[in-house]
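Just below is one structure, and these are the notes that go with it.
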Amino acid sequence: MQLILRKIFRKKLLIAFTLFVILLPIFLIQVYKTHPTLANGSNGDIGTFSTTGQAQLPQGLTVHSTVTAIIGGTVYIYVLGGYSSSGGGYQSTVYKGTIDSNGDVGTFDTTNQGQLPQTLDNHTTVTATISGTTYIYVLGGYSSSGGSDQSTVYKAPIDGSGNIGVFDTSNQGQLPQALDSLTTVTATAGGTTYIYVLGGYNNGDQSTVYKATIDSNGDIGTFDTTNQGQLPQVLDSHTTVTATADGTTYIYVLGGYNGSGQSTVYKAPIDGSGNIGVFDTTNQGQLPQDLYIHTTVTAIIEGTNYIYVLGGYNNGDQSTVYKATIDPSTGNIGTFDTTNQGQIPQSFESFTTVTSTIGGTNYVYVLGGGFGEGGQLPTVYKALITELAPTPTDTPTPTNTPTPTLTPTPTGTPSATLTPTDTPTPTLTPTPTGTLTPTPTLTSTPTPSATLTPTNTLTPTTTIGLKPGLVTGNPNLLTAGAIGIMLTVIGGILMLML
């Protein structure tokens, strides 16, 4: 009797275990479909910074500049000037590297690159594509060659191979004053590209905001403060970025130094004539700490603008990475937070940061940097910026379509061949009076021998997609899967023991 009960119990347990194995994957998939953030964190999060696969700088550098440019479908990265104690001090070098299809930075080299006409650090560099040609501009900075701050503005073309030509000041509007530790951005309004220079240092911190026009030849016009909102306070070593929200371009100024570090975040609109409005902190998330000689970049992920603030100095070098969201309708910056953001592997300052989109995937790079007077680094870090696949929606299963039958009409031509049955010849039956009356035999209306049956309709299935390379970054989903596997193994062991 016990043996019979044992067999019955094992049979029921087997049925329950089979149902568990079948239903567990369905449950995990449903969890991901309804709660994708459990699997991926959230959009726009920066992953782990690593030097793996990244070419390092040929020498340690600080207070240099870095920009990227897309030429003929290839992304190039350029590092200009800076300071290197191991390289003999102030630099005029221009390095070029290539970012491959995996987002990895290739070898940096000066070959075929126009070099800076003088040593420069604490300068700014921007690019602009005008009439199909990309130009690179270098503004201001400190030069050991002249032993002072500079007001020079250099322009060079970038050719079809991504090589930088000769830097020259010809036909370029020069800065109205010598400046270092300034910021420079470009913006397009009404089809015209403008260049802006904000703050900086010249025997004291500055609050000036200059605007100039870049013409169809890529030449910069005269810099002027007319009709430009000026900074509410003097600043150097701050950061400046632009972003577009609901058709309006805004300019943001973050942190900086004016005798002490600042945590302010200012926002101003740029109108249709390229003029900057009033800078204001209203409704802008402020930095969680005072910062200067930090970096700031933006990235658009699934249509949303995010802003990131990295490193800097505040009573010591920092390794923090903050992220905030830019409101898509107002352009206001939300709260800055380090949650789910990969932090820089070490605390340092005066590095550069750029972002790039490769094959639809966004990456952030941190190059060089140092420890004040403690030396310079040649490191190049890369991190992935998370982009979730859109949350899939269930596709309704189509209802069955009834099988139609053919109904012949008197005047129509049947779509199927009808085979009528033979009509028998009427049989004559004699009557007593000798009169023959034929009585025909009635035949049935012919029925079509074929009906039209539609082909089977496939029920679409829901596909859950992830950006390449993100599966390894989904700890919650992997944990759920591991738990499922573990429970399956335990269940199997229990069955064997019974």
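The values are calculated or read from the model by the stated rules, or taken from the named source; none is laboratory data. This structure is a prediction, so every number in the text was calculated from the model and none was measured. Counting neighbours? That spans all protein chains shown, and the Cβs are built from the backbone with ideal geometry, glycine included.
If the condition is being assigned to a loop (DSSP other than H, G, I, E, B) and either among the polar types (S, T, N, Q) or modelled with pLDDT under 95 (or both), then region 143-162 contributes S144, S145, G146, G147, S151, T152, S161.
Residues checked against (1) touching a residue at least 24 places away in the same chain (Cβ under 8 Å); (2) of a type in the set (S, T, N, Q):
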position	(1), (2)
G221	yes, no
G247	no, no
Q262	yes, yes
H294	yes, no
V297	yes, no
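Against the test of being of a type outside the set (V, I, T), in the same structural domain as H123 (by TED's automatic domain parsing), under 23 Å from N122 (Cβ atoms) and at pLDDT 95 or above, the options G285, G256, G274 yield a single qualifying residue, G256. I'm checking my understanding of the structure. Among residues of region 213-230 that are touching a Gly at 6+ places or on another chain (Cβ under 6 Å) and crowded, with 21+ Cβ neighbours inside 10 Å, which one is nearest to T186 (Cα to Cα)? If we take residues in region 213-230 being touching a Gly at 6+ places or on another chain (Cβ under 6 Å) and crowded, with 21+ Cβ neighbours inside 10 Å, then I220 is nearest to T186 (Cα to Cα).
When Q150, Q118 are checked against the criterion of being without any contact (Cβ under 8 Å) to a residue 40 or more places away in the chain and surrounded by fewer than 23 Cβ atoms within 10 Å (Cβ to Cβ), a single residue qualifies: Q118. Within region 282-297, the set of residues being closer than 26 Å to G316 by Cα and of a type outside the set (A, V, I, L, M) comprises Q284, G285, Q286, P288, Q289, D290, Y292, H294, T295, T296.
Among the residues that make up region 308-315, is at least one of them of a type in the set (A, V, I, L, M), farther than 20 Å from T127 by Cα and either under 24 Å from the mean Cα position of the chain (by Cα) or outside the structural domain of Y363 (by TED's automatic domain parsing) (or both)?
Yes, the conditions are met somewhere in region 308-315.
Every condition in (1) of a type outside the set (D, E, K, R); (2) at pLDDT below 95; (3) touching a Phe, Trp or Tyr at 6+ places or on another chain (Cβ under 7 Å) is met by G303 except one, and the failing one is (3).
Can you tell me which residue among T125, T119, T107 is in a strand (DSSP E or B), at pLDDT 95 or above and in the same structural domain as V366 (by TED's automatic domain parsing)?
Values: T119 fails: in a strand (DSSP E or B); T107 fails: in a strand (DSSP E or B).
The unique qualifying residue is T125.
Pairs linking a residue in region 167-192 that is closer than 26 Å to T296 by Cα to a residue that is of a type in the set (F, W, Y) and in a strand (DSSP E or B), with Cβ atoms under 6 Å and 6 or more positions apart or on different chains, are D180/Y142; D180/Y201; S181/Y201; V185/Y196; A187/Y194. Checking each residue of region 203-212 against the condition of being in contact with a Ser or Thr (Cβ under 9 Å, 6 or more places away or on another chain), without any contact (Cβ under 8 Å) to a residue 40 or more places away in the chain, buried (at least 19 other Cβ atoms within 10 Å of the Cβ) and of a type in the set (F, W, Y) gives at least one match. Summed over region 41-72, residues that are among the small types (G, A, S), surrounded by fewer than 23 Cβ atoms within 10 Å (Cβ to Cβ) and not in a strand (DSSP E or B) total 7.
For a quick check of your reading of the model, give me the residue pairs whose first member lies in region 332-358 and is outside the structural domain of Q318 (by TED's automatic domain parsing), whose second is crowded, with 18+ Cβ neighbours inside 10 Å, with beta-carbon atoms closer than 7 Å and at least 6 apart or on different chains. Hits for this filter: zero, empty list. Could you tell me whether any residue of region 280-302 is surrounded by 20 or more Cβ atoms within 10 Å (Cβ to Cβ), of a type in the set (G, A, S), within 23 Å of the chain's Cα centre (by Cα) and at negative phi? Scanning region 280-302 turns up at least one residue that is surrounded by 20 or more Cβ atoms within 10 Å (Cβ to Cβ), of a type in the set (G, A, S), within 23 Å of the chain's Cα centre (by Cα) and at negative phi.
Take the conditions (1) under 17 Å from T68 (Cα atoms); (2) aliphatic (A, V, I, L, M); (3) not in a strand (DSSP E or B); V138 misses just one of them, which is (3).
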